[in-house]
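The values are calculated or read from the model by the stated rules, or taken from the named source; none is laboratory data. These figures come from a predicted structure and were not determined experimentally. Counting neighbours? That spans all protein chains shown, and the Cβs are built from the backbone with ideal geometry, glycine included. Note: areas computed on protein heavy atoms with side chains; ligands, DNA, RNA excluded. Shrake-Rupley method; radii C 1.70, N 1.55, O 1.52, S 1.80 Å.
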Amino acid sequence: MQRLTAWLQGRRRDGYASLGTRLSRIFALQALARLGAVCLAIYLFVGWALDDRASDELVRKTDLVRLLLEHGAHEGREDMDSLRGQLDTFFKVHTDLSLTIAAGEGREVLYRSPVASGTHFRRTRQATFDVVAAEGVEQPIPVVPQMDQYPDADLLHQLA
């Protein structure tokens, strides 16, 4: 602590400090503190903006998946292969999204979306909604879409 105080006061070997040296060092520390505060504010704002965008994207893509599934439920069970093809095509375009549809007591997996190469799914955001499988079926099927947030986390890591 004494060294820092001596450095801030700009003491020379003879024990006297010049006013210019002391002011320069104090202004340098103040500028460094302000720059650090601005960088922290930018980092927090970017993190908030990315999180908000990810939430909106997940809601939008979940609505698209819900529409696809509801359309497939109205088509009937004989058109399940067509629905799987539509879902596969959808997830080839939206590589940052995955989907799992499981039903029954043992949670038998009815559909799992293909995962594109290069997609990590280490940091995910997920939503859950129910879809009625077909008319006359009382038990709704839970659907879990997950969105990969690794690119956003990587961007924040690079900003840090």
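Among 40-50, 88-98, how do they line up by average Cβ neighbours within 10 Å per residue, starting with the highest?
88-98, 40-50
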Checklist entry - What is the gain in length, in nm to one decimal, between Asp154 and Phe27 on full extension, counting 0.36 nm per residue of separation less the C-alpha to C-alpha distance? => result 42.3 nm
Checklist entry - Under 5 Å between amide H atoms, partner at least 5 residues away or on a different chain: which partners does Leu97 have, H built in plane at 1.01 Å? => result Asp148
Item to check | For Leu110, residues with placed amide H under 5 Å, excluding near neighbours | outcome: Ile101, Ala102, Ala103
Checklist entry - How much length is gained on full extension from Arg84 to Arg34, taking 0.36 nm per residue of separation minus their Cα-Cα distance? => result 12.5 nm
Checklist outcome for this item: With all protein chains present and a 1.4 Å probe, the order of Arg123, Arg53 from largest accessible area down is Arg123, Arg53
